[in-house]
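All of the numbers you see were taken from the coordinates with simple rules; none came from a lab. Remember, it's a predicted structure, so these values are computed and weren't measured experimentally. Virtual Cβ from ideal backbone geometry, glycine too; neighbours counted across all protein chains shown.
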Amino acid sequence: MRRWIAPVLVFIAAFASAPAVQAAHSSDTFLLVADADNTGTAANGDHVAVTVDEGSWFDGSPKAVSATGEFTHFDADGNVRGAGTWTATSLISFDFYGCRFIPSVGVDLGDDNLCGGAVKMAVVLDTPLGQFPGMLTVFCVVGPQAPASHRPPEGEGVTLNVPGIVNFNHTGGGENIYVRI
C-alpha cells in the first residue's frame, strides 16, 4: 500500500506547482466568426450556404445571443432556390468542445481563446417570400471534446431546419471559430 503513496504525492506536487491556465467554459462569452460559407445538406441533395455577420456573439449561460447573417439555398444541381438574411432570436443550447486543439488533425492553434462546439439558435429567416422560423446550428470542431462524427473538413459547417419546408440536417463543411472575449 505504501508503494503507491510516493508516486501519488509526486504527481500532486507537480500538478499543484504547474502554472494555472485560464480555461474557457461554456458560460463564457464568445464571438461567432464565420465570414466564409458554412454549408449544410438536405436528404434530397439541396444545400445551404450560411455566413455570420461580424460582431455576432453568444453566451452559453445565461443563454444569450446576438447574431445575424446571410444564407443561400441551392438545389442539388447548384441552382439558387432562395436567399436572404437570418437573425437569431434565442440561444437554444451550446455544447462546448473546448479550445485551442483540433485533435482529429493534430493541430494546435496556439491560442486558448479559440474554441469550438455546437451552437444551436432559433432564427428568423427573412426572404423575398416572407419570414420563416428556423433552427440553425453552427458546428466548430476545435476542442478535445469534439465528437468523432465531426471531423474536418465536412464536420464543420451548419445544419438548418426550416419546419415544413426543408431540413439541411447534415453538415457539409465550412470554416468558423468561437473567440472567447
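Each label was represented as a point 7 Å from its Cα along the Cα-to-Cβ direction; for Ala64 and Val105 these points are 3.3 nm apart.
Treat the range 121-181 as a sphere of radius equal to its Kirkwood radius over Cα pairs and apply Stokes-Einstein at 10 °C in a medium of 1.306 mPa s; give the translational diffusion coefficient in µm²/s, rounded to a whole number.
Working: Rh = 12.8 Å.
Translational diffusion coefficient: 124 µm²/s.
Spacing of the modelled spin labels on His170 and Met135, each 7 Å from Cα toward Cβ, amounts to 2.0 nm. Couplings for the range 99-107, taken from phi via the Karplus curve 6.51 cos²θ - 1.76 cosθ + 1.60 with θ = phi - 60°, read 9, 6, 10, 10, x, 5, 10, x, 10 Hz in order; Gly and Pro are left as x. Evaluated with a Cβ-only charge set (Lys, Arg +1; Asp, Glu -1), the range 24-180 carries a dipole of roughly 440 debye about its Cα centre, given to the nearest 20.
Phi angles across the range 164-181 convert, under the Karplus curve 6.51 cos²θ - 1.76 cosθ + 1.60 with θ = phi - 60°, into 3J(HN,Hα) values of x, 10, 7, 10, 8, 9, 10, 5, x, x, x, 9, 8, 7, 10, 9, 5, 10 Hz, Gly and Pro given as x. Taking amide hydrogens as placed 1.01 Å from N in the peptide plane, the amide H of Ala67 sits under 5 Å from those of Trp57, Ala88, each at least 5 positions away in sequence or on another chain. Taken about its Cα centre, the range 39-130 carries a charge dipole of roughly 260 debye when the Cβ of each Lys and Arg holds +1 and the Cβ of each Asp and Glu holds -1. Sequence-ordered 3J(HN,Hα) estimates for the range 79-95 from the Karplus curve with 6.51, -1.76 and 1.60 and θ = phi - 60° stand at 7, 6, 9, x, 7, x, 10, 10, 9, 6, 10, 6, 8, 7, 7, 9, 9 Hz, glycine and proline given as x. Note on the range 24-180: Cα convex hull, mean projected area over all directions, 8.4 nm².
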